[in-house]
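Visitor: I have a structure I would like to understand better, so I am pasting it below and will then ask my questions one at a time.
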Amino acid sequence: MDESKPQLPPLPPLSGEFVQTVSALFECLGRALICLDQDFTVVHASSGLDSLVAKGAASSILGKPVEEILSPELFAKAGSLRRPLEAGERREGWGATLRIGDGSTKFMSITAAPVAGVESDLCKRGHALPTE
């Protein structure tokens with residue numbers, strides 16, 4: 001056990017209402033929340049993404065590997081942002097280009113953090129990518 005990192009106890013299951021509340025908070029801040037599972041596939045995208053990019057952006061990225069929608073150099077298997085996330089590290093203020101199904105792109109700042117000890121539909125023990 002790595003004693004340099006505090007160990008957090010598991011959290012109880014979170015409700016769909018909680019997920020909606022968190023997503024709404026991100027939207028109020030002019031941000032969107034994209035959640036990935038452990039395989040780096042998009043499992044949640046808040047509706048704030050529709051405001052930042054285009055209507056339908058959030059639903060268009062669900063189920064896609066993150067390297068298909070965000071800069072591949074960051075999220076490919078050996079990507080410069082994927083490796084730290086896999087190691088349990090947080091990264092803030094990285095620039096990335098988001099691509100959605102209709103061909104729209106938007107350059108944005110992303111913060112990425114692993115989410116551990118949470119049983120919910122929010123991130124399914126994966127990674128969170130707040131965007132702006």
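The values are calculated or read from the model by the stated rules, or taken from the named source; none is laboratory data. Being a predicted model, the structure only gives us computed values, none of them experimental. Cβ placement follows ideal geometry from the backbone for every residue including glycine, while neighbour counts extend to all protein chains displayed.
Visitor: Of the residues that make up region 15-34, is at least one outside any helix (DSSP H, G or I), at pLDDT below 85 and not small (G, A, S)?
Guide: Within region 15-34, not a single residue is outside any helix (DSSP H, G or I), at pLDDT below 85 and not small (G, A, S).
Visitor: Can you find a residue that is under 15 Å from the mean Cα position of the chain (by Cα) and either closer than 17 Å to S47 by Cα or in a helix (DSSP H, G or I) (or both) anywhere in region 87-97?
Guide: No, there is no match, as no residue in region 87-97 is under 15 Å from the mean Cα position of the chain (by Cα) and either closer than 17 Å to S47 by Cα or in a helix (DSSP H, G or I) (or both).
Visitor: Checking A78 against (1) assigned to a loop (DSSP other than H, G, I, E, B); (2) in contact with a strand residue (DSSP E or B) (Cβ under 9 Å, 6 or more places away or on another chain), which test does it fail?
Guide: Looking at each condition in turn, A78 falls short on (2).
Visitor: Name the pairs: first residue in region 57-70 and within 27 Å of R83 (Cβ to Cβ) and touching a residue at least 24 places away in the same chain (Cβ under 8 Å), second residue among the polar types (S, T, N, Q) and assigned to a helix (DSSP H, G or I), Cβ to Cβ under 9 Å, at least 6 apart or on different chains?
Guide: A57/S51; I69/S60
Visitor: Among the residues of region 55-80 satisfying the criterion of being of a type in the set (G, A, S) and buried (at least 17 other Cβ atoms within 10 Å of the Cβ), which is modelled with the lowest pLDDT?
Guide: Top of the filtered list is S71.
Visitor: If you scan region 98-132, which residues turn out to be part of a loop (DSSP other than H, G, I, E, B), at pLDDT 55 or above and within 15 Å of V42 (Cα to Cα)?
Guide: Across region 98-132, the qualifying residues are I100, G101, V115.
Visitor: Report whether or not F40 is closer than 22 Å to E92 by Cβ, modelled with pLDDT under 85 and surrounded by 15 or more Cβ atoms within 10 Å (Cβ to Cβ).
Guide: no
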